[in-house]
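Presented below is the structure to which this report refers.
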Amino acid sequence: MTINRRYDVVVIGAGLAGVVAAAAAAGAGAKVGVVSRGPGNLALWSGLVSGPMQEEPARRPAGASDRAVGFFLRHSQAAGLPYRSGRQARLPGDTFHILAPSGRPVRARLAPETMAPGDVRSFTGGRTLLLVGFTELADYPAAFIAARARAQAGLAVEARSLSLGTAAGRGSPVRVARLFDAQSWFAAFLDSAGRLLRAELSRATTAAVAVPPVLGVLRASENLARLTAAWGRPVFELPALPPSIPGSRFWTFWRHRLETTQGVRLHLGRTVISFAARDGRCLRVTDDAADAYEASAFVLATGGVAGGGLTVSPTAFLDAVQGQTSGTSTAVGVEEKDRGLIAEPIFGLPTAGPLPAGPDERPGSDPRRAWRCWGVKVGTNGASSTLANVFVAGWELGGRVGTPSEVAGPDALLSIETGWRAGIRAARCAAATEPDRGETEEEDGR
């Protein structure tokens, strides 16, 4: 039986951009529904928020970065999953330098509370980082990560591996995180790990302890605080590899706040397959179960090429290279004839982006990076040029393009900024307020 639902704003997609858009729209007073197959690429997310904070006229109105980040930080805190910014921590360049599982520090603008104490610049002057791995977690080999950190970053790092016992099974991150959520098991771990690490923790030079990002889905912050108190040193998690427990945490905590506090309705396991429009405005979308969702405004946040939000022609790469070689396309744009290479499958919105470079181009023009930067074309107000009430957010917009050698793929900061802005604009559109005039301080969903 077909079900027709009515909302002020319908968000299509529940990845990072989608949930931020839903939170922003609901915070601005809209009745919001979210339709999605699942939590998007959150299961692949490291948990860190990276990306440049510079202003770009077409995509970043003055101050948009700061207001979007402020909204994200407040909402995360209210959801019970605090994030910290490099600016709050007064770090050079407003960025964290967090040790990654590769052994190299990675830069981030925002970090979850469980990773924020891990800025590697604090481990200097004879201060040592103790890296504790878990035998059952093959993706986080402590000795290997420590060796690479010493060789590549010049860090003073010691490694120690602990076994989590038979309860960890084959070491699935999800299973291990569930163990840490079990209070009785964690109490036993806290006792045994303290005894096994007594020698390392007793050294005055040990500045902090790093562990894999599996301290639980529900109790990570509580467990981190207990470890820090028991070990007498700051304890932090490394950034995650897929499958991401920090990504699962984010989804769990933000979903709970969206549903219980903000009244957002999530329709999961659904794929939007069609739409109806009139006079240049979308009236409703329909999912694969034939259920319809009517709204005054829509946010499209289904991801880019990698996330399936854009579909690629089987011959796209060859066609694009041939077109560029023959002079029919440019490095940072497409001609009308090339639009079919990468398509937006729900609304048929026009797309654009940097084309793959020839084999003799510089590494910065790597075609694999170019495809990640392709996105839906939008106006300066973030709405589609063909459907005035459909706003686009996240990786669907593609990456940042400077010169052909300065192609950069989409990042988490872009998802937060554009998700926040799309949610605010969609709520404003649904309320039939005055035409877009750019964000103001009071338009942050508070």
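The values are calculated or read from the model by the stated rules, or taken from the named source; none is laboratory data. Everything quoted here is computed from the prediction, not taken from an experiment. Ideal geometry is used to build each Cβ from the backbone, glycine not excepted, and the neighbour counts take in all protein chains shown.
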Going through segment 246-262 in order, the residues found to be under 12 Å from Pro213 (Cβ atoms) and either among the polar types (S, T, N, Q) or outside any helix (DSSP H, G or I) (or both) are Ser248
message = Considering only segment 85-103, I want to know if a residue exists there that is hydroxyl-bearing (Ser, Thr, Tyr) and more than 19 Å from the chain's Cα centre (by Cα).
response = yes
Apart from one, (1) modelled with pLDDT under 95; (2) within 21 Å of Gly103 (Cα to Cα); (3) not in a helix (DSSP H, G or I) all hold for Arg150; the odd one out is (3)
The lone condition Ala320 fails out of (1) at pLDDT below 50; (2) surrounded by 13 or more Cβ atoms within 10 Å (Cβ to Cβ) is (1)
request  = Please work out if Pro112 is modelled with pLDDT of 95 or more and not acidic (Asp, Glu).
outcome  = yes
When every residue in segment 1-34 that is aliphatic (A, V, I, L, M) and in contact with an Asp or Glu (Cβ under 6 Å, 6 or more places away or on another chain) is compared, the one nearest to Gly394 (Cα to Cα) is Ala30
**Message:** It is to be established whether one or more residues within segment 140-151 are free of Cβ contacts under 8 Å to residues at least 12 places away in the same chain and in contact with a Pro (Cβ under 7 Å, 6 or more places away or on another chain).
**Reply:** no
When every residue in segment 259-275 that is closer than 14 Å to Val32 by Cβ and among the hydrophobic types (A, V, I, L, M, F, W, C) is compared, the one surrounded by the most Cβ atoms within 10 Å (Cβ to Cβ) is Val264
Q: Return a yes/no flag: does segment 365-379 have any residue that is crowded, with 22+ Cβ neighbours inside 10 Å, out of contact with any helix residue (DSSP H, G or I) (no Cβ under 6 Å at 6 or more places or on another chain) and either modelled with pLDDT under 50 or assigned to a strand (DSSP E or B) (or both).
A: yes
Within segment 189-233, the residues that are closer than 22 Å to Ser102 by Cα, among the hydrophobic types (A, V, I, L, M, F, W, C) and assigned to a loop (DSSP other than H, G, I, E, B) are Val214, Leu215
Take Thr206 and tell me if it is more than 21 Å from the chain's Cα centre (by Cα), crowded, with 16+ Cβ neighbours inside 10 Å and without any contact (Cβ under 8 Å) to a residue 60 or more places away in the chain.
no
Selection from segment 92-139 of residues buried (at least 19 other Cβ atoms within 10 Å of the Cβ), among the charged types (D, E, K, R) and in contact with a strand residue (DSSP E or B) (Cβ under 8 Å, 6 or more places away or on another chain) yields Arg109, Asp119
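Yes/no matrix, rows are residues, columns are (1) on the phi > 0 side of the Ramachandran plot; (2) of a type in the set (S, T, N, Q); (3) in a loop (DSSP other than H, G, I, E, B):
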{"residue": "His75", "(1), (2), (3)": "no, no, no"}
{"residue": "Ala78", "(1), (2), (3)": "no, no, no"}
{"residue": "Ala89", "(1), (2), (3)": "no, no, yes"}
{"residue": "Gly93", "(1), (2), (3)": "yes, no, no"}
{"residue": "Gly103", "(1), (2), (3)": "yes, no, yes"}
{"residue": "Arg107", "(1), (2), (3)": "no, no, no"}
{"residue": "Pro117", "(1), (2), (3)": "no, no, no"}
{"residue": "Leu131", "(1), (2), (3)": "no, no, no"}
In segment 292-315, residues that are at pLDDT 95 or above and not in a strand (DSSP E or B) total 4
